Amino acid sequence: MSLLGGALAALRGRRRDVPAALLPEADDDRALVRAIIDGSQPAFALLVQAHQRTCAHVIGRMVGDRDQVADLLQETFLAVFRQLHRFRFESSLRTWVSRVAYTTALQYLRRRRLEAQWMVAVEVPEELGVGDEGPGPAELSEALQAGRQLGAALERLNAPQRLIVGLHYLEDFDLAEIEQVTGLPRGTIKSHLFRARQTLKQELTRRATAGELL
């Protein structure tokens, strides 16, 4: 089986198990990249396993169509496979892979003539405003991790806000990493987070008042 064939098999979850001692650690970016470039199918499968959840989050939040996520994930990791020799470790591997997922989703939106709609949504004024921001970062992160009936509240956010909130609080990306993934200015990212916290506070307060939260 060719390495490209192995890449496709890895994406579909079909690969031969190999002793863990023969694989690089998933968090050892340089060793993992070197092994893949040298032709290791199991190493590429390990990369897919390590990053597919984050990529699925990026793609799902951007395209808003769950039926497209699997196909776009495959496109993403095929692009990663083909472009990996160009990776220069100027960022973490997960940031670079996530950027490939973002670009793949953006290309899908362009094909569907929805790119302009996305670009309008992400371009908010770089102003944080004043007053109560809503749940603080630690509080919001804890609530998201605990899954405290926030699904419906998160749906009140626009797509860029859901993407950025998920990357920051669920995937633990810092602002610099989100900037690298999305290409958005730092101030715009902060504005999205600020507005998202305000919206979430309003929605959670409404639900608590209505007795919808346990």
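The values are calculated or read from the model by the stated rules, or taken from the named source; none is laboratory data. None of the values given here were measured: they were computed from a predicted structure. Neighbour counts run over all protein chains shown; Cβ positions are idealised from the backbone, glycine included. Just so you know, the surface numbers come from the protein's heavy atoms only, side chains and all, with ligands and any DNA or RNA stripped out. Shrake-Rupley method; radii C 1.70, N 1.55, O 1.52, S 1.80 Å.
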When residues of the stretch 156-214 are filtered for being open to solvent by 20 Å² or more (accessible area, probe 1.4 Å), of a type in the set (A, V, I, L, M, F, W, C) and modelled with pLDDT of 90 or more, how many remain?
-> 2
Residue count for the stretch 25-45, restricted to those that are open to solvent by 30 Å² or more (accessible area, probe 1.4 Å), at pLDDT 90 or above and aliphatic (A, V, I, L, M) = 1
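Condition check ((1) at pLDDT 95 or above; (2) surrounded by 17 or more Cβ atoms within 10 Å (Cβ to Cβ); (3) not basic (Lys, Arg)) across all residues:
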{"site": "47", "(1), (2), (3)": "no, yes, yes"}
{"site": "55", "(1), (2), (3)": "yes, yes, yes"}
{"site": "62", "(1), (2), (3)": "no, yes, yes"}
{"site": "65", "(1), (2), (3)": "no, no, yes"}
{"site": "71", "(1), (2), (3)": "no, no, yes"}
{"site": "80", "(1), (2), (3)": "yes, yes, yes"}
{"site": "85", "(1), (2), (3)": "no, no, yes"}
Which number in (1) out of contact with any Phe, Trp or Tyr (no Cβ under 6 Å at 6 or more places or on another chain); (2) within 27 Å of residue 160 (Cα to Cα) marks the one condition that residue 58 misses?
-> (1)
